[in-house]
Amino acid sequence: MSFSKFTILESKPVLMPAENIDTDQIIPARFLKTTTRKGFGENLFHDWMYSKNGEKNPEFILNKENGKGKILVAGRNFGCGSSREHAAWAIYDHGFRAVVSSFFADIFRNNALNNGLLPVQVSPEFLQKIFETGESSLVVNLPEKTIKISSTGDCEYFEINTYKQDCLINGYDDIDFLLSNKDAIEKFEQNR
Amino acid sequence: MSKTIFDKIWDSHIVKQIPDGPSVLYIDRHYIHEVTSPQAFSGLEKRDVKVFRPSQTFATCDHNVPTINQHLPIKDESSRIPVEKLAENTKKHGITYFPLGHPSNGVVHIIGPELGITQVGMTIVCGDSHTSTHGAFGNIAFGIGTSEVEMVLATQSLLQTKPKKMLIQVNGRLNDSVCAKDIILHIISKLGTSSGTGFFIEFAGSAISSLSMEERMTICNMSIEMGARGGLIAPDEITFSYLKGRRYSPKGADWQKAVEKWKELKSDRDAEYDTKYQFKAEDVEPMITYGTNPGMGMAIDSIVPETNEYMGFTKGEKLTEKKIDYVFLGSCTNGRIEDFRAFANFVKGRKKADDVEVWLVPGSIMVENEIEKEGLGDVLRGAGFEIRQPGCSACLGMNDDKVPDKKYCISTSNRNFEGRQGPGARTLLAGPLVAAAAAIYGIVTDPRTIKQNIS
Ligand code: SF4
């Protein structure tokens, strides 16, 4: 899948302090039935977005004025639960390009990286600072692996391995790399 | 250098290591189902790439399917289309597919081991987080996303970073009325749902090695609920005798050779782990969850430690004697023959409670057949139950088996997230025995307080 290249992203954050936001909240299973990758953004956080009678829930952050932005900031253990990549697609499709948390579930992290959505893992203290600073914009700099709160100047490094960093900066995905390694894979099979 | 069983399997599957990056990991077995594969196949088509090793991928449909009248076409179009797509895609690419009604059809993590496709010392993946189940046989098995499904279809490999290693030992003897589900719910309630993130777990100890393969699968199945990539148990005679004679298991001289090799597969005595935990089997009691993640579990007779609005529970209250509306026996956690044996044995000679809706959903057609062969079907029907057809069913509410808003369901599945079993559904996770007791009495019941049938 092709996604846009990622270098420096500046945006207001969308703050969701809840912890353990799981994949069933990000996109409930009943919306997984389409056979394409498109359109999942509409059902992102569906059961929080809409009340039971189908009306938009005005209390939910994404329905508020300050719920617009490209960086989602969430409490620890974001993306736990199922392996559904639809969770990453829905977040990307909604317009987010990065998710910031102090802790990510493994499969979600991989899925996000495979779809051009950058998971930025920060320290619990830094996360707290973002929540406290509120709406000040954030700057995520992937080449330098830093995240900065614009208004206060607070800055922190985040980790990402060089391979994945290159992939995101250039808009490549793993499959291109693996396909270019087919000879090595065949050789491995023969030598077993 | 000494190695854990995890190191040994991992190292023997590395095709290539990228400096300061992940490894190219070779994948032995790949399972696919209708929900997470269609986009992977369309991705392949867009790139004009063929499936690289079709004989190493196996397909079933399970997530979307109805659990009654499976001989009829699937009514709900949005469920039918993904199933039709899977049939189309597997045919086109020469992949073995067990469609609805096929004697090998069932929930992906139930049929793999039953058919002997899952063996020992393998790397196994599937676009489903509970792929960790297959670790019970001494495999590195983990769930992947759809982009990764596409990678495996295209190259039989994945790019993976090696996780850290955790050892969880459970020693001692289990108390009566305590099952494997209780062990894993106990562990998760102590360690929390993110304690395993970044880790691959090895379960060991005398209480683990005395478990049957079905029980080991229940444990490994839920290792993902701690956030771990997966969990495994070193293979032993119990593993080998389970696999012997299965359809895809090696035969004759190949079998002998395989077992010789598998016997070597264990962690070295002084192998190192990043983290270790110890549990005593005697401390494990029948468990139940009171909240909306699998870590929110407690012994069934304790008091709720914190108020949970979604569940409608207040701090300090007891759950025993709470009215239950639904009971679900099934899923890749507890939908195997042993679970049906335990349930049937409990309800034998008793009668189903009138005001409880009970879904008994075998994990596969093989389980369904075995239920009848062992006469459990008659026992269950005699107690007022009906048996449905295989599928994921109420585990994730993608078909019609949904628990209504605010209704309580004792479920033998693995996740109690908000809305998992249907919008507003309130899920209490438990083992098959607690499920059976609720189905008979209509309330949360501590199985230790009931005289049990001697099996
Ligand atoms: S039974 Fe539940 S957990 Fe298992 S594969 Fe099906 S949906 Fe996933």
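Working carefully through the options B:Gly375, B:Gly363, find the one that is more than 14 Å from the ligand (Cβ to nearest atom) and in the same structural domain as B:Lys351 (by TED's automatic domain parsing).
Testing whether each residue is more than 14 Å from the ligand (Cβ to nearest atom) and in the same structural domain as B:Lys351 (by TED's automatic domain parsing) leaves just B:Gly375.
Might you check whether a residue that is charged (D, E, K, R) and away from the ligand (no atom under 16 Å from the Cβ) occurs anywhere in segment B:424-432? Reasoning before the result, please.
Initially, segment B:424-432 is screened for residues charged (D, E, K, R), giving B:426.
Filter again for away from the ligand (no atom under 16 Å from the Cβ), leaving B:426.
Yes, segment B:424-432 contains at least one residue that is charged (D, E, K, R) and away from the ligand (no atom under 16 Å from the Cβ).
Can you name the residue in segment B:96-126 that is closer than 18 Å to B:Phe200 by Cα and part of a loop (DSSP other than H, G, I, E, B) and, of all such residues, is farthest from the other protein chains (Cβ to nearest Cβ)? For segment B:96-126, the residue satisfying everything is B:Val120. Filtering segment B:133-149 to residues that are more than 10 Å from the ligand (Cβ to nearest atom) and either at positive phi or under 14 Å from the mean Cα position of the chain (by Cα) (or both) leaves B:His134, B:Gly135, B:Ala136, B:Phe137, B:Gly138, B:Ala141, B:Phe142. Residues in segment B:128-169 that are within 7 Å of another protein chain (Cβ to nearest Cβ) and in a strand (DSSP E or B) were compared, and the one that is nearest to B:Lys244 (Cα to Cα) is B:Gly143.
Being farther than 18 Å from B:Glu148 by Cβ, out of contact with any strand residue (DSSP E or B) (no Cβ under 6 Å at 6 or more places or on another chain) and more than 14 Å from chain B (Cβ to nearest Cβ) is a property that A:Glu135 has.
On the given criteria, is B:His93 in contact with a helix residue (DSSP H, G or I) (Cβ under 6 Å, 6 or more places away or on another chain) and more than 10 Å from chain A (Cβ to nearest Cβ)?
Yes; evaluated as a whole, the condition is true for this residue.
Looking at the structure I just gave you, is B:Thr67 in contact (Cβ under 8 Å) with a residue 12 or more places away in the chain and part of a loop (DSSP other than H, G, I, E, B)? Yes, satisfied.
B:Lys8 - would you say it is assigned to a loop (DSSP other than H, G, I, E, B), of a type in the set (D, E, K, R) and at pLDDT 95 or above? Lay out the reasoning, then the answer.
Values: assigned to a loop (DSSP other than H, G, I, E, B): no; of a type in the set (D, E, K, R): yes; at pLDDT 95 or above: yes.
Answer is no for this residue.
Being more than 16 Å from the ligand (Cβ to nearest atom) and within 22 Å of B:Gly138 (Cβ to Cβ) is a property that B:Glu272 has.
Restricted to segment A:145-176, and to residues that are touching a Cys at 6+ places or on another chain (Cβ under 8 Å) and within 27 Å of B:Lys16 (Cβ to Cβ), which residue is surrounded by the most Cβ atoms within 10 Å (Cβ to Cβ)? Checked segment A:145-176; the qualifying residue surrounded by the most Cβ atoms within 10 Å (Cβ to Cβ) is A:Asp174. The residue that is farthest from the other protein chains (Cβ to nearest Cβ), among those in segment B:415-432 that are over 17 Å from the mean Cα position of the chain (by Cα) and farther than 16 Å from B:Asn308 by Cα, is B:Gly422. Out of curiosity, is B:Tyr277 more than 14 Å from chain A (Cβ to nearest Cβ) and either within 16 Å of the ligand (Cβ to nearest atom) or closer than 30 Å to B:Tyr242 by Cα (or both)? So B:Tyr277 passes the test. For B:Asp270, the conditions (1) loosely packed, with under 15 Cβ neighbours inside 10 Å; (2) not assigned by TED's automatic domain parsing to the domain that holds B:Ile168 are fulfilled apart from (2). Kindly indicate the residue of segment B:319-352 that is assigned to a helix (DSSP H, G or I), farther than 14 Å from B:Ile387 by Cβ and of a type in the set (A, V, I, L, M, F, W, C) and also farthest from the chain's Cα centre (by Cα) among those meeting that condition. Looking at the filtered set, the residue picked out is B:Phe346.
Checking each residue in segment B:102-111 for being touching a strand residue (DSSP E or B) at 6+ places or on another chain (Cβ under 6 Å) and within 17 Å of B:Cys395 (Cβ to Cβ) picks out B:Asn105, B:Gly106, B:Val108, B:Ile110, B:Ile111. Taking the criterion of being farther than 11 Å from B:Leu243 by Cβ and within 14 Å of the ligand (Cβ to nearest atom), the residues of segment B:111-123 that qualify are B:Ile111, B:Gly112. Restricting the first member to segment A:43-61 and to residues that are within 12 Å of another protein chain (Cβ to nearest Cβ) and within 19 Å of B:Lys406 (Cα to Cα), and the second to residues that are of a type in the set (D, E, K, R) and buried (at least 16 other Cβ atoms within 10 Å of the Cβ), the beta-carbon pairs closer than 9 Å and six or more apart or on different chains are A:His46/A:Arg30; A:Asp47/A:Asp24; A:Asp47/B:Glu418. The residue that is surrounded by the fewest Cβ atoms within 10 Å (Cβ to Cβ), counting only those in segment B:295-342 that are within 14 Å of chain A (Cβ to nearest Cβ) and within 16 Å of the ligand (Cβ to nearest atom), is B:Ser331.
Taken over segment A:138-192, the criterion of being within 10 Å of chain B (Cβ to nearest Cβ) and of a type in the set (Phe, Trp, Tyr) is satisfied by A:Tyr163, A:Phe177, A:Phe188. Here is a check on your reading of the model: is B:Ser331 free of Cβ contacts under 8 Å to residues at least 24 places away in the same chain, of a type in the set (Ser, Thr, Tyr) and under 23 Å from B:Pro362 (Cα atoms)? Considered against the rule, which asks whether it is free of Cβ contacts under 8 Å to residues at least 24 places away in the same chain, of a type in the set (Ser, Thr, Tyr) and under 23 Å from B:Pro362 (Cα atoms), B:Ser331 comes out as no.
Of the residues screened, B:Val35 is one that is at pLDDT below 95 and touching a Leu at 6+ places or on another chain (Cβ under 6 Å).
The values are calculated or read from the model by the stated rules, or taken from the named source; none is laboratory data. Just so it is clear, the structure is predicted and the values come from calculations on it, not from any experiment. Here Cβ is always computed from backbone atoms with ideal geometry, including for glycine, and neighbour counts include all displayed protein chains.
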